[in-house]
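Structure, as structure tokens:
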Amino acid sequence: MDPEIQKMREVVLVYLDRSGGLQKFVHDCKKYNDSKQSYAVYRFIISLNPSDIAELDATLGNCILHNPLRAAQIFQSVCFVAIKTLSLIEQLQTEAQINVLLKPTHLPPLPSYVLSLSAYPFDYTSQRFYMSEGIVIAMGTVTKYTQGARFLCTEETCPFSEGRFRCIRMHRPGATESATVRTDFVCSMCSSPLQEDMKFRVLGDKQIVEMIDAKILDALKGYSTDKSHFRMQAFTLFLRDELANKMTVGNHYRIIGIPACVQNGLQATACIEVNSVQLYKPSGPSYVSDNFKYLLSLTSSSSWRFTAVLANIFASQVVPPGTYNTLKLAILLSLVQTSEKENADYLDLLIMTSDTLVIDRLLNYSLCLLPRGIRHPSSSDIFPSVSKDKHGTGSASIQACSAVLAKGGICYIGDLSSYKKDKLELLQSVLESRSTTVFIPGKKYGEEADQQVTVSVQTNFWSFVDVDSSSKKHIQKENFLIGQMDMSLIPVNLVDSFGLLIYNEFPSCRLSSPVIHHILKKAINPEAMLYKASQQFRTQDYEEFILFARKLLVELSSEAESLIQGYYLASRRVRRDSIHGSTLPASALKILITLAKAHAKLSLRQTVLEEDAVIAILLLESSLTLKHGSSALRVAPNPVFPFDLSDENSLQQRDIYLMQCHHHLLKFIAAYSPGIHINTNEE
């Protein structure tokens with residue numbers, strides 16, 4: 001025996017003993033032995049720490065990292081000797097029956113161990129471990145594959161024709177089914193044909209997944225400052241046995257695996273045989289820029305001023321400061337209210353506008369402030385769809401979509417009036433349940449029964465409606481209430497499913513002078529910084545600010561909670577009609593709490609104050625007025641920004657105005673919801 005191999009075997013035994021792997025191995029053997037059943041293949045998973053092994057023996061560490069198939073054979077021989085020496089599995093006959101799967105806990109943090117899915121060329125010939133990461137864009141259903149099979153020689157006089165487990169074929173990374181099981185294998189001793197003993201075939205689970213580099217998200221944004229060009233291609237992953245169903249479509253993963261090339265007829269496909277899967281969550285910045293800190297200190301005298309200034313100067317690269325303030329505040333609130341957590345508080349926006357070009361630019365720009373801001377292309381599906389797997393299995397494959405790829409971010413779906421009725425009904429269902437169901441007909445995809453797969457949709461939706469798209473929108477009907485808009489083009493229930501309805505303040509027929517000047521100057525020099533705010537508060541600063549603010553954990557104060565509940569109960573009483581009962585949507589209370597929490601986050605606070613609740617109530621009341629007409633509360637058409645913010649005096653006037661709104665709100669609650677007790681500050 002080669003002394004080097006013998007030494008590595010000894011090191012393997014020492015490592016397994018020190019790491020606790022030997023104890024786990026003995027436990028796995030006991031389960032096989034207790035079953036009293038003979039298997040063609042006994043499968044063992046051994047977890048390895050490459051750093052610890054390299055310290056024990058550099059040669060073995062190098063073998064594991066760069067020649068894992070050879071390393072698996074060394075572990076296989078050690079396991080066989082251990083089983084025979086300790087009599088762990090009575091049914092085991094030959095070393096060929098042992099299938100060892102090595103799983104490194106990590107790889108060295110060096111470029112040579114990273115396999116980029118967007119880099120060229122793609123190294124699939126080295127048959128060693130690589131680390132890679134990307135986003136799952138398609139997932140197949142779980143099917144079966146052959147882990148191992150027993151073969152017998154057809155020549156009766158050959159020793160390999162006996163019932164011993166001598167001819168065992170096992171799956172190897174990147175191998176197809178035909179490499180493990182087919183009819184043209186010959187005996188290594190007498191060259192006679194081999195025949196499979198079908199009762200000893202061992203099956204396992206297999207799932208085919210398509211993954212692509214995370215840079216795809218940059219390509220799917222509506223607007224980007226990154227001018228670099230790169231090539232992207234989806235790659236095939238094979239998940240086997242315990243890894244099946246460990247991935248979810250749309251998630252970002254970091255994997256360790258062995259690249260290979262699978263031949264399917266005349267077509268060769270580069271793939272990765274996955275060894276381990278880890279959900280990847282990029283850590284956002286833990287700071288905000290000094291300019292934002294300074295602005296926060298300047299506006300600390302009021303709980304309303306900081307967010308007012310933020311909205312006023314936001315997106316100055318796209319629209320002039322001071323324009324579209326209500327819409328920009330709503331966008332910022334929606335941005336900080338994004339999360340990848342289950343059952344998060346979502347804030348969807350529906351905008352009524354005739355300035356489709358300006359609004360589209362503003363929304364496109366805002367998408368880029370999040371890692372996952374997706375502009376939905378009209379040629380594709382918003383929600384997951386099913387197609388036949390392209391790798392020849394005939395099984396179903398669930399394809400990702402804009403809404404799933406925007407997980408934890410924003411999905412901007414454009415003009416809502418351009419979608420057909422069935423798409424709008426599906427959108428309404430998703431907005432209400434935050435999930436969608438994919439139907440897989442069994443007959444079409446080779447399954448015995450039909451399947452239904454539920455896919456979670458964890459994103460905020462943005463959309464707009466062009467009020468000029470239909471002339472009937474400008475025909476005032478006699479039964480319209482004060483402040484109500486004609487929403488006949490969009491189903492009422494769908495409008496209610498959006499958290500916030502906003503009507504922008506500048507119709508296209510009378511665009512403000514600053515907007516016109518901005519558009520003309522940008523057309524002449526697209527890269528120009530037209531305002532001082534653009535230089536002091538860059539796009540990158542807003543990116544860092546949003547990523548920091550959305551991670552804040554906020555709690556409702558008792559005062560804010562009482563104010564929100566009082567308004568909600570009072571509105572349910574005043575917003576009623578004799579036919580439909582209360583016109584206040586069932587989700588109104590949740591939307592109010594979401595808006596108040598978002599405003600607290602935007603203010604970099606962890607407690608929701610009454611001031612946050614006032615902004616939330618004014619925004620929702622304005623939205624309800626557009627949908628159902630004015631109520632007894634009678635808010636102004638633009639209640640959050642009633643006039644331009646040009647200097648500190650205008651901020652002071654806005655504070656006085658909002659305090660008056662707060663006082664008016666308390667009177668409204670006292671009149672229509674007298675059972676709610678709210679502490680008032682008498683001055």
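The values are calculated or read from the model by the stated rules, or taken from the named source; none is laboratory data. The model shown is predicted, which means the values in this text are computed figures rather than measured ones. So basically every Cβ, Gly included, is an ideal-geometry build from the backbone, and we count neighbours across all protein chains shown. The area values use the complete protein model at the heavy-atom level, side chains included, leaving out ligands, DNA and RNA. Shrake-Rupley method; radii C 1.70, N 1.55, O 1.52, S 1.80 Å.
Filtering the range 150-166 to residues that are touching a residue at least 60 places away in the same chain (Cβ under 8 Å) and in contact with a Phe, Trp or Tyr (Cβ under 7 Å, 6 or more places away or on another chain) leaves ARG150, ARG166. Every listed requirement among (1) outside any strand (DSSP E or B); (2) closer than 28 Å to PRO109 by Cβ; (3) open to solvent by less than 20 Å² (accessible area, probe 1.4 Å) is met by ILE46 save one, (1).
Could you tell me whether any residue of the range 598-614 is hydroxyl-bearing (Ser, Thr, Tyr) and out of contact with any strand residue (DSSP E or B) (no Cβ under 7 Å at 6 or more places or on another chain)? Yes, there is a match, as at least one residue in the range 598-614 is hydroxyl-bearing (Ser, Thr, Tyr) and out of contact with any strand residue (DSSP E or B) (no Cβ under 7 Å at 6 or more places or on another chain). From the list ALA400, ALA396, the one residue that fits, being more than 19 Å from the chain's Cα centre (by Cα) and either closer than 29 Å to ILE208 by Cα or buried (at least 22 other Cβ atoms within 10 Å of the Cβ) (or both), is ALA396. Among residues that are touching a strand residue (DSSP E or B) at 6+ places or on another chain (Cβ under 7 Å) and under 22 Å from TYR503 (Cα atoms), SER623 is included. Residue count for the range 133-190, restricted to those that are farther than 30 Å from GLY250 by Cβ, outside any strand (DSSP E or B) and among the aliphatic types (A, V, I, L, M): 3. Scanning the range 6-17 for residues that are open to solvent by 100 Å² or more (accessible area, probe 1.4 Å) and touching a residue at least 12 places away in the same chain (Cβ under 8 Å) gives a single hit, LYS7. For the range 29-42, indicate whether the set of residues that are under 22 Å from LEU56 (Cα atoms), touching a residue at least 24 places away in the same chain (Cβ under 8 Å) and in the same structural domain as LEU101 (by the TED database) is non-empty. No, every residue in the range 29-42 fails to be under 22 Å from LEU56 (Cα atoms), touching a residue at least 24 places away in the same chain (Cβ under 8 Å) and in the same structural domain as LEU101 (by the TED database). Summed over the range 191-215, the residues that are in a loop (DSSP other than H, G, I, E, B), over 17 Å from GLN147 (Cα atoms) and within 42 Å of the chain's Cα centre (by Cα) give a count of 3. Remark: LEU347 matches the filter, which requires a residue to be at pLDDT 90 or above and open to solvent by less than 20 Å² (accessible area, probe 1.4 Å). Between LEU592, LEU552, LEU547, the distinction of being free of Cβ contacts under 8 Å to residues at least 40 places away in the same chain, open to solvent by less than 50 Å² (accessible area, probe 1.4 Å) and under 31 Å from the mean Cα position of the chain (by Cα) belongs to LEU592 only. Applying the criterion of being aliphatic (A, V, I, L, M) and under 26 Å from GLN37 (Cβ atoms) to the residues of the range 176-203, the residue that is surrounded by the most Cβ atoms within 10 Å (Cβ to Cβ) is LEU194.
Let's see how each residue does on (1) in the same structural domain as ASP205 (by the TED database); (2) within 24 Å of ARG240 (Cβ to Cβ); (3) in contact with a His (Cβ under 6 Å, 6 or more places away or on another chain); (4) not in a helix (DSSP H, G or I):
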site: LYS7; (1), (2), (3), (4): no, no, no, no
site: PHE25; (1), (2), (3), (4): no, yes, no, no
site: GLU55; (1), (2), (3), (4): no, no, no, no
site: LEU69; (1), (2), (3), (4): no, yes, no, no
site: VAL81; (1), (2), (3), (4): no, no, no, no
site: GLU90; (1), (2), (3), (4): no, no, no, yes
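Scanning the range 603-641 for residues that are touching a helix residue (DSSP H, G or I) at 6+ places or on another chain (Cβ under 6 Å) and without any contact (Cβ under 8 Å) to a residue 24 or more places away in the chain yields one hit, PRO639.
Residue pairs whose Cβ atoms lie under 8 Å apart, sitting 6 or more positions apart in sequence or on different chains, and linking a residue in the range 318-335 that is charged (D, E, K, R) to a partner that is open to solvent by 10 Å² or more (accessible area, probe 1.4 Å), are LYS328/ASN312.
Of all residues in the range 327-344, those that are out of contact with any strand residue (DSSP E or B) (no Cβ under 9 Å at 6 or more places or on another chain) and either open to solvent by less than 10 Å² (accessible area, probe 1.4 Å) or of a type in the set (Gly, Ala, Ser) (or both) total 6. When GLY61 is tested against (1) part of a helix (DSSP H, G or I); (2) touching a residue at least 40 places away in the same chain (Cβ under 8 Å); (3) open to solvent by less than 60 Å² (accessible area, probe 1.4 Å), exactly one condition is not met: (2). Taking every residue in the range 229-254 that is part of a loop (DSSP other than H, G, I, E, B) and pairing it with any residue that is among the hydroxyl-bearing types (Ser, Thr, Tyr) and at pLDDT 90 or above, at least 6 positions away or on another chain, the pairs with Cβ-Cβ distances below 7 Å are MET247/TYR253.
Between LEU266, LEU298, the distinction of being at pLDDT 90 or above, open to solvent by 10 Å² or more (accessible area, probe 1.4 Å) and either within 23 Å of ALA616 (Cβ to Cβ) or of a type in the set (A, V, I, L, M) (or both) belongs to LEU298 only. One residue stands out among those in the range 18-42 that are open to solvent by less than 70 Å² (accessible area, probe 1.4 Å) and out of contact with any helix residue (DSSP H, G or I) (no Cβ under 8 Å at 6 or more places or on another chain): the one that is nearest to THR180 (Cα to Cα), which is TYR32.
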